[in-house]
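The values are calculated or read from the model by the stated rules, or taken from the named source; none is laboratory data. Quick caveat: nothing in here was measured; it's all calculated off a predicted structure. Because the Cβ atoms are built from the backbone with ideal geometry, glycine has one as well, and the counts that use them run over all protein chains shown. These accessible areas exclude ligands, DNA and RNA; they are computed on the full protein's heavy atoms, side chains included. Shrake-Rupley method; radii C 1.70, N 1.55, O 1.52, S 1.80 Å.
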Amino acid sequence: MIDKIRPKAADALDSVHNGASIAIGGFGQSGVPLDLIDALCDRDVRGLHIIANNGGRGLPGERGIGRLLAENRVSRFSCSFPVNPAFFERYFSGEVEIELVPQGTLAERLRAGGSGIGGFYTPTAAGTVLADGGFVVRYGKNGEPEKTLAQKERRVIDGRTYVLESPLRPDFALVKAHRADRYGNLRFRLGARNFNPLAAMAAKTTIAQADQIAAALDPDDIHLPGPFVDRVVATELEPAR
């Protein structure tokens, strides 16, 4: 079997390119692969399509997705909670576009991408601007709306309106695990599991950061099997959580 351990985060990220789509695990500050994101910023990669639940807090010296946004490395952001002043400054000035996705829909779109599902119907967002084509994706430099979300296909099922959502299949996923082995098997810690397995399964290439690396994990201790993971690095700069 292939040993997937890489000595440093920079080594694991060497194939990530400008304009890549990247799903990043985490919910709030829990389960976010901070070391991998720092290494991504240090590589000076730009024009990224980031897929994540939230966009950090916009604090000075912030790490994680907040740093990606603050350094203007993101051209498109698919998320549920973009509560970050750095993001909104760039959004309203036309520097970045947003695809606002309800949280459960975001999770299911990633799951669909990892499961080979071509799309699914959900009642979430039916009858709102997220489904009817009115939400502003991008503003122009003059502050006027330049692009809006496309109207979603609708279907009535058992008397209730549903909208069609497409799967997410990003180029890369950056995830945070509690334990890993050299084969790429991962175990997550408590609520830090959140979006991490879904992101890992959906991506073409998955890079994992782990607080602990063992020679092998017990089969009954594995939350995400190694075939979904391509590279693993040990946490260096952040405490375990």
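Is it true that THR105 is out of contact with any helix residue (DSSP H, G or I) (no Cβ under 7 Å at 6 or more places or on another chain) and touching a residue at least 60 places away in the same chain (Cβ under 8 Å)? Lay out the reasoning, then the answer.
Working: out of contact with any helix residue (DSSP H, G or I) (no Cβ under 7 Å at 6 or more places or on another chain): yes; touching a residue at least 60 places away in the same chain (Cβ under 8 Å): yes.
So THR105 fits the description; yes.
Given (1) part of a strand (DSSP E or B); (2) open to solvent by 10 Å² or more (accessible area, probe 1.4 Å); (3) under 21 Å from ALA203 (Cβ atoms), identify the lone condition not met by ILE98.
(2)
Do any residues in the stretch 31-42 that are within 16 Å of PHE188 (Cα to Cα) have Cβ atoms under 6 Å from those of residues that are acidic (Asp, Glu) and not in a helix (DSSP H, G or I), where the two are at least six apart or on different chains, and which pairs are they?
Close Cβ pairs satisfying both conditions: LEU34/GLU238.
Out of the stretch 33-54, which residues are under 17 Å from SER78 (Cβ atoms) and in contact with a strand residue (DSSP E or B) (Cβ under 6 Å, 6 or more places away or on another chain)?
Hits for the stretch 33-54 are GLY47, LEU48, HIS49, ILE50, ILE51, ALA52, ASN53, ASN54.
With respect to THR161, is the statement that it is assigned to a strand (DSSP E or B), of a type in the set (Ser, Thr, Tyr), open to solvent by less than 80 Å² (accessible area, probe 1.4 Å) and in contact with a helix residue (DSSP H, G or I) (Cβ under 8 Å, 6 or more places away or on another chain) true? Full working, then the answer.
Working: assigned to a strand (DSSP E or B): yes; of a type in the set (Ser, Thr, Tyr): yes; open to solvent by less than 80 Å² (accessible area, probe 1.4 Å): yes; in contact with a helix residue (DSSP H, G or I) (Cβ under 8 Å, 6 or more places away or on another chain): no.
No: the conditions fail for THR161.
State which residue is surrounded by the most Cβ atoms within 10 Å (Cβ to Cβ) when the search covers only the stretch 126-148 and only residues that are touching a Phe, Trp or Tyr at 6+ places or on another chain (Cβ under 9 Å) and assigned to a loop (DSSP other than H, G, I, E, B).
The selected residue is ALA126.
Answer yes or no: is there a residue in the stretch 104-121 that is surrounded by fewer than 17 Cβ atoms within 10 Å (Cβ to Cβ), among the hydroxyl-bearing types (Ser, Thr, Tyr) and not in a strand (DSSP E or B).
Yes: the stretch 104-121 contains one or more residues that are surrounded by fewer than 17 Cβ atoms within 10 Å (Cβ to Cβ), among the hydroxyl-bearing types (Ser, Thr, Tyr) and not in a strand (DSSP E or B).
Those residues that are open to solvent by less than 60 Å² (accessible area, probe 1.4 Å), of a type in the set (D, E, K, R) and in a strand (DSSP E or B), I need them from the stretch 185-241; list them, please.
Within the stretch 185-241, ASP211, ARG231 qualify.
Tell me which of these GLY19 doesn't satisfy, since it passes every other one: (1) surrounded by 15 or more Cβ atoms within 10 Å (Cβ to Cβ); (2) under 16 Å from the mean Cα position of the chain (by Cα); (3) within 24 Å of PRO145 (Cα to Cα).
(1)
If you go through the stretch 135-162 one residue at a time, how many are over 21 Å from PHE77 (Cβ atoms), among the aliphatic types (A, V, I, L, M) and touching a residue at least 12 places away in the same chain (Cβ under 8 Å)?
So the answer is 1.
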